[in-house]
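> Would you mind keeping the following structure in view while I ask a few things?
The values are calculated or read from the model by the stated rules, or taken from the named source; none is laboratory data. Because the structure is predicted, anything quoted here is derived from the model rather than measured. Please note: Cβ atoms are built from the backbone with ideal geometry, for glycine as well, and neighbour counts cover all protein chains shown.
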Amino acid sequence: MAKKAAAPKKKAAVKKAAKKPVKKAAPKAAVKKAAVKPKAAAAAKPAPKPKGYNVKDVETFKNIILEKRKEILDELQLLKESMMDVTTGEYATENSTYSMHMEQGTDAMEREKTFLFASREGKFLNYLEDALKRIEKGTYGFCTDCGKLIEKERLEAVPHAQLCVRCKLKKGR
């Protein structure tokens, strides 16, 4: 019988616990956020954006880039034509019937130099395309390392530049 008496006491204790209002403590994460929030709000304010080049200057740089881009595309077209057989439209091979052994080696070397030059020009074309994208975004002319305005003379000489002279010299590239 002792067992029966113990069971009702457990039920009574559970009922009392259920009737008591439970105080909900604020989650620890919420407490931490509240404490950090004012600091985060202060840090979230964007720093004043440095003033960039005026519209006229940016248009001048864009024209320089577009002119260089056109030159590169023309050069790549000439290289492609020099590497291709005009009659078949396929890349020229060294298996010509009139070539001698030494001439084949020279032809192969010239073809390799042409491919390397085309690769270099393609890489330069990509740099110019990236510069045009930065102009569209409004980030053109700012150093990607320090955020300062790149010198006008540098951009006229190297219109696809992403680093100011100081940062470029630090990197040693």
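> How about the stretch 67-94: which of its residues are touching a helix residue (DSSP H, G or I) at 6+ places or on another chain (Cβ under 8 Å) and either in a loop (DSSP other than H, G, I, E, B) or at pLDDT 90 or above (or both)?
Within the stretch 67-94, the subset touching a helix residue (DSSP H, G or I) at 6+ places or on another chain (Cβ under 8 Å) is 68-69, 72-73, 75-76, 79-80, 82-83, 91-92, 94.
Correct list: Lys68, Arg69, Ile72, Leu73, Glu75, Ala92, Glu94.
> Still on this structure, I have one more. Restricting the stretch 160-173 to residues that are of a type in the set (A, V, I, L, M, F, W, C) and in a loop (DSSP other than H, G, I, E, B), which is farthest from the chain's Cα centre (by Cα)?
Cys164
> Can you tell me how many residues in the stretch 107-147 are of a type in the set (A, V, I, L, M) and either on the phi > 0 side of the Ramachandran plot or in contact (Cβ under 8 Å) with a residue 40 or more places away in the chain (or both)?
So the answer is 6.
> Shifting gears a bit: Show the residue pairs meeting these rules: Cβ distance below 6 Å; 6+ apart or different chains; first residue within the stretch 150-169 and exposed (fewer than 14 other Cβ atoms within 10 Å of the Cβ) and modelled with pLDDT under 90; second residue assigned to a helix (DSSP H, G or I) and of a type outside the set (D, E, K, R).
Every condition considered, no pair remains.
> A follow-up question, please. Among the residues of the stretch 107-140, which ones are in contact with a His (Cβ under 6 Å, 6 or more places away or on another chain) and of a type in the set (Phe, Trp, Tyr)? Even if it seems obvious, please write down each step before you answer.
Narrowing the stretch 107-140 to residues in contact with a His (Cβ under 6 Å, 6 or more places away or on another chain): 127-128, 131.
Once the filter is applied, which keeps residues that are in contact with a His (Cβ under 6 Å, 6 or more places away or on another chain) and of a type in the set (Phe, Trp, Tyr), the stretch 107-140 yields only Tyr127.
> Can you name every residue in the stretch 107-159 that is over 17 Å from Lys70 (Cβ atoms), outside any loop (DSSP other than H, G, I, E, B) and β-branched (Val, Ile, Thr)?
Within the stretch 107-159, Thr114 is the sole residue that qualifies.
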